[in-house]
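The values are calculated or read from the model by the stated rules, or taken from the named source; none is laboratory data. The structure presented is a predicted model; accordingly, all values stated were derived computationally and were not measured. Reconstructed Cβ throughout: ideal geometry from the backbone, glycine too, with neighbour counts over all protein chains shown. We work out accessible area using only protein heavy atoms, side chains counted, and drop any ligands, DNA or RNA first. Shrake-Rupley method; radii C 1.70, N 1.55, O 1.52, S 1.80 Å.
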Amino acid sequence: MNILSTISKALLIILISAVPFAVGADRTWPVKGDIDLSSTFCDYRQLHFHGGMDIRTGGVEGRQVFSPVDGYVWRIKYSYIGYGKAIYLMDSQGFIYVFGHLSGLSDRLDKIVKEIQYTKESYSFDTTFSKSQLPVKQGELIALSGQTGFGGPHLHFEIRNPQNMPLNPLTNGFPLPDNSAPVFEGLMLAYQDTVSLFPDGLRKILVEPRKEKSKGKYQIASPVLVQGPFGVAVKVGERMRSNGPKLNIRKARLFIDDYLYYESDYGQYDYEQTTMVDLCFDYYLKMARDQNWHLLYEPDGKVFAGSHSAFEKGGVFAGRTTFSYGLHNGRVEVYDAAGNMSELDFKFVWAPEKLYEVGKINDSTLYLRAEHDTRNIDVSGIAVYAVGSGDNIQRIDPGLIESMGSGDYKINIPTESKRVDGFRIDILGESGWRSPEVYIPSQYVSDSKYEFDYELMDGGILLNVRARDKFAPPPEIELAYEDGFVNKIETKAVSSLNFAAFYKNTGIKTRITEINISTGGNSRPLASLTTNIVLTGEPNRQAALSVPGVLEVSIPGQALYSSALIGLQQAEGRYDQTSSIIGDVYKIDPVTLPLAKNISLSATLNDNNNPAKVSFYRLNSKRKWSRLNSKVVGDKVNTESSLTGTFAVIRDGDAPHVRKISPSNGRTIQSNMPLIKCNVSEDLSGIDDNNKITITLDGEWLIPEYDPETEILKTTPRKPLKNGKHELVIKVSDYAGNERVVHSHFTVEKD
């Protein structure tokens, strides 16, 4: 009896678990014929994951869309933006199917849509229906593809589970043939501490993989030397056809020394975690280079159910003891939705922060002393180069280098080398790695000249210094705080002329007001910059930046995923709408910093500004001004922004333009159901709200169908027109309250 019960329970579990698969097996694609994707599930979108897949329609509208299941129309939503015209179906299991950017619905559904629009006298609406109101059968025509909302002609298609969580359609009932494994295009190692830099003075090192003869196998040619805690990221090209668009992968796994270190799975996500897209991909490289790099570690603040690590650092390799120093094996596996897998093997040498101390015995002898922990890595020797004028580099005879035991070396400088500017010493690894460790000037330059710049990144500040004299002494950087404290930072030579340093300190809360460059031989700064930088992102602590009397920026503690330096400065350059900009343009840095919550901006207006026409604007990626929802209170204009970047207060005093009205004014036509069309453009504040557009014909409201991207406004009469003259009125207003009203008429003469 117990055995039979156990067997029955097991069979029941198997049957229950098989139900979703059975449902998925019955689903059919919403379009017929060849299916080609331009974007897929969990592709990167700023501030959110792509919730479905985009099906190409050959650059045209009107591809037929069919119901993939038996079910009912649960929701219809129309808007000028977002998904445009969208329909939502629900099946008997509660799964939801979304179709966006449609040009129209089937005749049955379109009739219902028009009834809703005319009743509300609104183009936009969002209406849900009961199970019995609008049933549909699998294979029934429900819509036509289009390009409403954002983007060119295509069909956006989603599937969501009964909990309204988006699922990957390719692994949930809508598979596509795919025999191509993902292609590794790059491996990145990124420092995660507060000081480390790679030999080129950057926080990240990008390495191009080499494809092996075996299918799906890739390798990094030489080990990478790392001297601080780091995370791994990969750039992957996933294509379903030759020369097709790059699509997102399904899963990635990182192994270090054959231990599963980190795993990321893009099978589904929760809408509450959709902003985690900015922490699943490298946000810096996305904003700076428009490249998609998958992070295989957990940045501070990341909470994404699709990724996990069994290690306390969340996939960041930090090395626990000196026994961690040495050569390690890494491997990344990536999978597409069809199960094709590619593998990238790489090696890295975990090493102490400093390998050698250099001493000069006399003018003809250098001494290289190994730090204690350097002896734990596979140093095979050194290479010494004499560097002369014009970047002339010549290697010194290895016979002049003596091993002194315990990893130490004595370097005998040849007499003819005394005319050179200095020396570069490279450390060589037995496993094939190479690192330029030190640069040594042949003589001290007391009056060196320096210039420098900085970049806010990784929550800190990356400083780059360039000397005008070859082999100038390493400069010292001084960060001056508002309270008088000065923090001195050593620089690292990255060439005979260039030095770099990275700084992040979460213990100092006051503002950084100045950065100075100095050397031990100079009491006065050799170069200086005035700054306005503050630490933000501390829990329960609001930070602020300001230009007194002009602009105030407030950054709540919860606005950042982790502590970071943010700066405010006047922006340089030329911008559109210059004559309409009030005051100066300001930049909130870094633009490569993802925000968890909005930041607030407040600007002071003078008496000459019309507050009804004034708003904050942010410069978008196309260098066009995008209006932010703003509110004027007294002499202040206030707004919030989900992004950092370049901002200005702009007055919009120009009304929208209405051009190319068809039928043209005074024209006689023979159709009693003419297509009424015109171009509506707005240069600044925008008109993407249907309440901003009204079309009446003979005093009767018509449906204003408008595409902000093509700037085409169109409509049709509600019923056939009688012969005779008809009065058309088009009223358009923008967000600044500027309004344009155009009166036109045409005559119908139909036989």
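Do you know which of the residues in region 356-407 that are open to solvent by less than 60 Å² (accessible area, probe 1.4 Å) and of a type in the set (S, T, N, Q) is nearest to Val224 (Cα to Cα)?
Across region 356-407, the extreme among qualifying residues is Thr374.
Restricting attention to region 713-751, and to residues there that are aliphatic (A, V, I, L, M) and part of a strand (DSSP E or B), which single residue is nearest to Asp683 (Cα to Cα)? Outline the logic, then answer.
Filtering region 713-751 for residues aliphatic (A, V, I, L, M) gives 713, 721, 728-730, 732, 736, 741-742, 748.
Imposing the further condition that a residue be part of a strand (DSSP E or B) reduces the set to 713, 728-730, 732, 741-742, 748.
Numbers: Leu713: 16, Leu728: 24, Val729: 22, Ile730: 18, Val732: 13, Val741: 17, Val742: 18, Val748: 34 Å.
Going through the qualifying residues, I end up with Val732.
Just one of Thr531, Thr510 is modelled with pLDDT of 90 or more, closer than 18 Å to Val585 by Cα and among the β-branched types (Val, Ile, Thr); which is it? Don't jump to the end; show me each part of the working.
Values: Thr510 fails: closer than 18 Å to Val585 by Cα.
After applying the criteria, what remains is Thr531.
Spot the failing condition for Gly484; the list is (1) of a type outside the set (Lys, Arg); (2) open to solvent by 10 Å² or more (accessible area, probe 1.4 Å); (3) touching a strand residue (DSSP E or B) at 6+ places or on another chain (Cβ under 9 Å), and only one is missed.
The one condition Gly484 does not meet is (3).
Report the residue count in region 317-362 for those that are in contact with a Gly (Cβ under 8 Å, 6 or more places away or on another chain) and charged (D, E, K, R). Outline the logic, then answer.
The first filter runs over region 317-362 and keeps only residues in contact with a Gly (Cβ under 8 Å, 6 or more places away or on another chain), leaving 317, 325, 340-343, 345-350, 353.
Cutting the leftovers down to charged (D, E, K, R) gives us 343, 345, 347, 353.
Qualifying residue count for the region: 4.
Among the residues of region 284-310 satisfying the criterion of being small (Gly, Ala, Ser) and over 17 Å from Leu202 (Cβ atoms), which is modelled with the lowest pLDDT?
Taking region 284-310 as the starting set, the residues that turn out to be small (Gly, Ala, Ser) are 288, 301, 305-307, 309-310.
Those still in the list that are over 17 Å from Leu202 (Cβ atoms) too: 301, 305-307, 309-310.
Numbers: Gly301: 92, Ala305: 94, Gly306: 95, Ser307: 95, Ser309: 93, Ala310: 87.
The residue in question is Ala310.
Just to be sure before I move on: is Thr374 within 21 Å of Glu402 (Cβ to Cβ), of a type outside the set (Gly, Ala, Ser) and out of contact with any His (no Cβ under 9 Å at 6 or more places or on another chain) in the structure I sent? Lay out the reasoning, then the answer.
Details: within 21 Å of Glu402 (Cβ to Cβ): yes; of a type outside the set (Gly, Ala, Ser): yes; out of contact with any His (no Cβ under 9 Å at 6 or more places or on another chain): yes.
Judged against the criteria, Thr374 is a match.
May I ask you to list pairs of residues, at least six apart or on different chains, whose Cβ atoms are under 8 Å apart, with the first in region 189-202 being touching a residue at least 24 places away in the same chain (Cβ under 8 Å) and within 25 Å of Arg331 (Cβ to Cβ) and the second being among the polar types (S, T, N, Q) and open to solvent by 10 Å² or more (accessible area, probe 1.4 Å)?
Hits for this filter: Ser196/Gln227.
Taking strands (runs of 3 or more DSSP E) that fall entirely within region 322-391, which contain at least 3 residues that are within 30 Å of Ala181 (Cα to Cα), in contact (Cβ under 8 Å) with a residue 40 or more places away in the chain and among the hydrophobic types (A, V, I, L, M, F, W, C)? Before you say what the answer is, go through the steps one by one.
Working: elements: 326-335, 341-350, 356-362, 365-370, 379-387.
Qualifying strands (runs of 3 or more DSSP E): 326-335, 341-350.
Can we say Val741 is touching a Leu at 6+ places or on another chain (Cβ under 9 Å) and at pLDDT 95 or above? Spell out the reasoning first.
Details: touching a Leu at 6+ places or on another chain (Cβ under 9 Å): no; at pLDDT 95 or above: yes.
When the stated conditions are applied, Val741 does not pass them.
Within region 440-453, does at least one residue satisfy the condition of being within 19 Å of Gly228 (Cα to Cα) and crowded, with 17+ Cβ neighbours inside 10 Å?
Taking region 440-453 as the starting set, the residues that turn out to be within 19 Å of Gly228 (Cα to Cα) are none.
Within region 440-453 (the criterion being within 19 Å of Gly228 (Cα to Cα) and crowded, with 17+ Cβ neighbours inside 10 Å), the answer is no, since none of the residues qualifies.
Which of the residues spanning region 73-94 are aromatic (Phe, Trp, Tyr), open to solvent by 30 Å² or more (accessible area, probe 1.4 Å) and more than 27 Å from the chain's Cα centre (by Cα)? Before the answer, list the steps.
Initial filter on region 73-94 (aromatic (Phe, Trp, Tyr)): 74, 78, 80, 83, 88.
From the residues that got through so far, the ones that are open to solvent by 30 Å² or more (accessible area, probe 1.4 Å) too are 74, 83.
Passing the criteria: only Trp74.
Mind checking which strands (runs of 3 or more DSSP E) fall wholly inside region 112-177 and carry at least 1 residues that are in contact with a Gly (Cβ under 6 Å, 6 or more places away or on another chain) and open to solvent by less than 50 Å² (accessible area, probe 1.4 Å)? Working first, answer last.
Numbers: elements: 125-128, 141-145, 154-160.
Filter on region 112-177 gives 154-160.
Can you tell which of Thr710, Thr694 is open to solvent by 30 Å² or more (accessible area, probe 1.4 Å), of a type in the set (Ser, Thr, Tyr) and in a loop (DSSP other than H, G, I, E, B)? Full working, then the answer.
Details: Thr694 fails: in a loop (DSSP other than H, G, I, E, B).
Only one candidate passes the filter, namely Thr710.
Identify, please: which residue in region 561-583 is at pLDDT below 95 and either acidic (Asp, Glu) or within 11 Å of Thr644 (Cα to Cα) (or both) and is, among those, most open to solvent (accessible area, probe 1.4 Å)?
Filtering region 561-583 for residues that are at pLDDT below 95 and either acidic (Asp, Glu) or within 11 Å of Thr644 (Cα to Cα) (or both), the one most open to solvent (accessible area, probe 1.4 Å) comes out as Glu572.
Does Asn665 fit the bill of being outside any strand (DSSP E or B), open to solvent by 70 Å² or more (accessible area, probe 1.4 Å) and in contact with a Ser or Thr (Cβ under 6 Å, 6 or more places away or on another chain)? Before the answer, list the steps.
Details: outside any strand (DSSP E or B): yes; open to solvent by 70 Å² or more (accessible area, probe 1.4 Å): yes; in contact with a Ser or Thr (Cβ under 6 Å, 6 or more places away or on another chain): yes.
Answer is yes for this residue.
Based on this model, can you work out whether Glu705 counts as among the acidic types (Asp, Glu), in contact (Cβ under 8 Å) with a residue 12 or more places away in the chain and either surrounded by fewer than 20 Cβ atoms within 10 Å (Cβ to Cβ) or farther than 30 Å from Asn629 by Cα (or both)?
Details: among the acidic types (Asp, Glu): yes; in contact (Cβ under 8 Å) with a residue 12 or more places away in the chain: yes; either surrounded by fewer than 20 Cβ atoms within 10 Å (Cβ to Cβ) or farther than 30 Å from Asn629 by Cα (or both): no.
For Glu705, the condition - among the acidic types (Asp, Glu), in contact (Cβ under 8 Å) with a residue 12 or more places away in the chain and either surrounded by fewer than 20 Cβ atoms within 10 Å (Cβ to Cβ) or farther than 30 Å from Asn629 by Cα (or both) - is not met.
Among the residues of region 451-480, how many are within 23 Å of Pro594 (Cα to Cα), out of contact with any helix residue (DSSP H, G or I) (no Cβ under 9 Å at 6 or more places or on another chain) and assigned to a loop (DSSP other than H, G, I, E, B)?
Restricting attention to region 451-480, the residues satisfying the condition of being within 23 Å of Pro594 (Cα to Cα) are 453-463.
If we keep only those that are out of contact with any helix residue (DSSP H, G or I) (no Cβ under 9 Å at 6 or more places or on another chain) too, we end up with 453-456, 459-463.
Now drop any that are not assigned to a loop (DSSP other than H, G, I, E, B), which leaves 459.
Qualifying residue count, region 451-480: 1.
Kindly indicate whether Thr148 is without any contact (Cβ under 8 Å) to a residue 60 or more places away in the chain and under 27 Å from Asp689 (Cβ atoms). Break it down into steps so the answer makes sense when it comes.
On the way: without any contact (Cβ under 8 Å) to a residue 60 or more places away in the chain: no; under 27 Å from Asp689 (Cβ atoms): yes.
Considered against the rule, which asks whether it is without any contact (Cβ under 8 Å) to a residue 60 or more places away in the chain and under 27 Å from Asp689 (Cβ atoms), Thr148 comes out as no.
Among all residue pairs at least 6 apart or on different chains, which show Cβ distances below 6 Å where the first residue, located in region 683-699, is free of Cβ contacts under 8 Å to residues at least 60 places away in the same chain and the second is in a strand (DSSP E or B) and of a type in the set (Val, Ile, Thr)?
Going by the 6 Å Cβ cut-off, the qualifying pairs are Ile695/Thr715; Ile695/Ile730; Thr696/Val729.
Residue by residue, here is whether (1) out of contact with any strand residue (DSSP E or B) (no Cβ under 6 Å at 6 or more places or on another chain); (2) open to solvent by less than 20 Å² (accessible area, probe 1.4 Å) holds:
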position	(1), (2)
Arg250	no, no
Tyr259	yes, no
Tyr262	no, yes
Asn292	no, no
Leu295	no, yes
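Taking Tyr335, is it surrounded by 14 or more Cβ atoms within 10 Å (Cβ to Cβ) and in contact with an Asp or Glu (Cβ under 7 Å, 6 or more places away or on another chain)? Write out each step before concluding.
Details: surrounded by 14 or more Cβ atoms within 10 Å (Cβ to Cβ): yes; in contact with an Asp or Glu (Cβ under 7 Å, 6 or more places away or on another chain): no.
Against the criterion (surrounded by 14 or more Cβ atoms within 10 Å (Cβ to Cβ) and in contact with an Asp or Glu (Cβ under 7 Å, 6 or more places away or on another chain)), Tyr335 does not qualify.
For region 432-461, what are the residues that are at pLDDT 75 or above and under 22 Å from Leu355 (Cβ atoms)? First the steps, then the outcome.
First pass over region 432-461, keeping only residues at pLDDT 75 or above: 432-436, 438-441, 448-461.
Once the filter is applied, which keeps residues that are at pLDDT 75 or above and under 22 Å from Leu355 (Cβ atoms), region 432-461 yields Gly432, Trp433, Arg434, Ser435, Pro436, Val438, Tyr439, Ile440, Pro441.
Among the residues of region 514-560, write down those that are open to solvent by less than 40 Å² (accessible area, probe 1.4 Å), at negative phi and outside any strand (DSSP E or B).
Matches in region 514-560: Thr519, Glu538, Pro556, Gly557, Ala559.
Name the strands (runs of 3 or more DSSP E) wholly within region 608-656 that hold at least 1 residues that are open to solvent by less than 10 Å² (accessible area, probe 1.4 Å)? Lay out the reasoning, then the answer.
Values: elements: 614-619, 625-627, 630-633, 636-641, 645-651.
The strands (runs of 3 or more DSSP E) meeting that bar are 614-619, 636-641, 645-651.
Hey, any hits in region 120-140 for a residue that's closer than 30 Å to Val224 by Cα and hydrophobic (A, V, I, L, M, F, W, C)? Give the derivation first.
So in region 120-140, the residues closer than 30 Å to Val224 by Cα come out as none.
No; the residues of region 120-140 include none that is closer than 30 Å to Val224 by Cα and hydrophobic (A, V, I, L, M, F, W, C).
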